[in-house]
Ligand code: NDP
């Protein structure tokens, strides 16, 4: 079958495109301009006409995906802004919501073969401020971030702006399916990853150009930018980018994934856990805050991953392996 992948040049999406091609699918990727597709055409050249690109300049426009959805059997919608630099929260919220709606509207109108739409949401749409350490599950919805953005607008914290965009976009997707249940011939599956780390496959010439999550990892681990307190603060979960890609493929293949939001997570971390793993692999890197003991430390945000275990059964890449592979790549690129 043929799969449409939106935002095909992104960190997660390029791994996803590769995984789909390796599984024998044909892939049509969308990018915002032809220049953003040049590198993709190069790295996927060996797949011949199984990989094609279309330019969708503005995903927020009605009908933006009308042509792109024609003839595809499934859709993976990954395109959405992820950064902590928005002044106006609508810089994130509008493309997140309208991009999601517009791909669903086009699928309904012209995606006559589409059987499933998979949307990349986030644990940002799950977690919420909570006074105690807590394990969240797919039953939880982030209410606090959208409330904060509504109340404070531009003054809202950056993470709240991003989290609101992911929450509202995922809500819009489920609402769309509900509102159009008599007409839609496809179902929806949503992947909710926590922080995503691991090597890059997309075009990145210098570390400053890394996507948001990989850039944080690079500066913290390689540039040792965080102090002892910051290295052990908080505590949440993460997943390797290659496992996120795999989950997106399985979300197409597993019947039971239809109608579900699914958290995919490898496990807990504070920055010091990465620092310690990296130092073990390369002792020239900082040892960080060696007082940290993961066995006794409190990780404030945890996720219940039993649904993913039941439906996907992924054997997650470990923190040690991700660290090893990422450092090896950064070394090869001459970034440290
Ligand atoms: P990237 O920034 O690498 O990829 C984002 C993709 O979305 C790019 O293709 C980008 O295109 C596109 N995009 C961004 N803004 C717009 C816009 N306004 N209009 C059209 N396209 C846009 O990040 P990731 O790969 O990390 O993110 C992919 C998805 O995964 C997002 O939905 C994100 O929310 C989600 N996610 C990411 C996590 C992480 O830790 N990385 C964790 C959980 C979820 P362009 O290059 O043209 O800007």
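Bear in mind these aren't lab numbers, they're just calculated from the coordinates by the rules spelled out. Everything numeric here is computed off the predicted structure, so don't read it as measured data. FYI the Cβ positions are ideal-geometry reconstructions off the backbone, even for glycines, and counts take in every protein chain you see.
Give me Rg/Rg_expected for the stretch 2-332, where Rg uses Cα atoms only and Rg_expected = 2.2 N^0.38 Å with N residues.
0.97
Which value, in Å³ per residue, describes the convex hull spanned by the Cα atoms of the stretch 142-219?
Value for the stretch 142-219: 147 Å³ per residue.
Spin-label point model (7 Å from Cα, Cβ direction): what's the residue 88 to residue 152 distance in nm?
2.0
Tell me, 132, 143 in order of fewest to most beta-carbon neighbours within 10 Å?
132, 143
What is the projected area of the convex hull of the Cα atoms of the stretch 205-299, averaged over all directions, in nm²?
8.2
So how tilted is helix 90-110 from the main axis of the chain? Cα-based, degrees 0 to 90, rounded to 10.
For helix 90-110, the angle is close to 40 degrees.
Which percent of Cα pairs goes in each bin when the distances of the stretch 1-155 are cut into 10 angstrom slices starting at zero?
Cα pair-distance distribution for the stretch 1-155, in percent: 10, 36, 31, 17, 5, 0.
Just for the stretch 153-310, what percent of DSSP beta bridges are antiparallel, to the closest 5?
Of the beta bridges lying entirely in the stretch 153-310, close to 35 percent run antiparallel.
Any chance you could run the full-extension gain for residue 60 through residue 43? It's 0.36 nm times the residue separation minus the Cα-Cα distance, nm to one decimal.
3.3 nm
DSSP beta bridges in the chain, what fraction antiparallel, as a percent rounded to 5?
Once the DSSP bridges in the chain are tallied, antiparallel ones form about 10 percent.
Give the angle, between 0 and 90 degrees and rounded to the nearest 10, that separates the Cα long axis of helix 319-332 from the longest principal axis of the Cα atoms of the chain.
Once rounded, the angle reads 90 degrees.
Taking other Cβ within 10 Å of each residue's Cβ, how do 83, 202 sort, fewest first?
In increasing order of surrounding Cβ atoms, one gets 83, 202.
If each residue of separation counts as 0.36 nm, what is the full-extension length gain between residue 178 and residue 223 once their alpha-carbon separation is subtracted?
11.5 nm
In deg cm²/dmol, rounded to 500, what helix-only [θ] at 222 nm does the chain give when every DSSP H run of at least 4 residues adds -39500 (n - 2.57) and the total is split over its residues?
Calculated mean residue ellipticity at 222 nm is -11500 deg cm²/dmol.
Using the Kirkwood radius over C-alpha pairs as Rh, can you work out the diffusion coefficient of the stretch 241-297 via Stokes-Einstein at 10 °C, viscosity 1.306 mPa s, in µm² per second?
112
Which angle from 0 to 90°, rounded to the nearest 10, does the C-alpha axis of helix 271-281 make with the longest principal axis of the chain?
80
I need to check one value: relative contact order of the stretch 2-332, counting alpha carbon pairs closer than 8 Å and at least 6 residues apart, in percent.
About 18 percent, as a whole number.
Could you tell me which of rounded, prolate or oblate describes the stretch 34-117, using a ≥ b ≥ c as the square roots of the eigenvalues of the alpha-carbon gyration tensor, with rounded for a/c under 1.5 and, failing that, prolate when a/b is larger than b/c and oblate otherwise?
Oblate is the answer for the stretch 34-117, as a/c is 1.5 or above yet b/c matches or exceeds a/b.
How would the stretch 77-139 be classified by its alpha-carbon gyration tensor: rounded, prolate or oblate, with rounded meaning a/c under 1.5 and the a/b versus b/c comparison settling the rest?
In terms of gyration-tensor shape, oblate.
Label the stretch 130-173 by shape, choosing from rounded, prolate and oblate, from the square roots a ≥ b ≥ c of the eigenvalues of the Cα gyration tensor; if a/c is under 1.5 it is rounded, and otherwise prolate applies when a/b is larger than b/c, oblate when it is not.
Oblate, since a/c reaches 1.5 and b/c is not below a/b.
What length, rounded to one decimal in nm, is gained on full extension from residue 284 through to residue 203, with 0.36 nm per residue of separation minus their alpha-carbon distance?
The residue 284-residue 203 span can extend by a further 26.4 nm.
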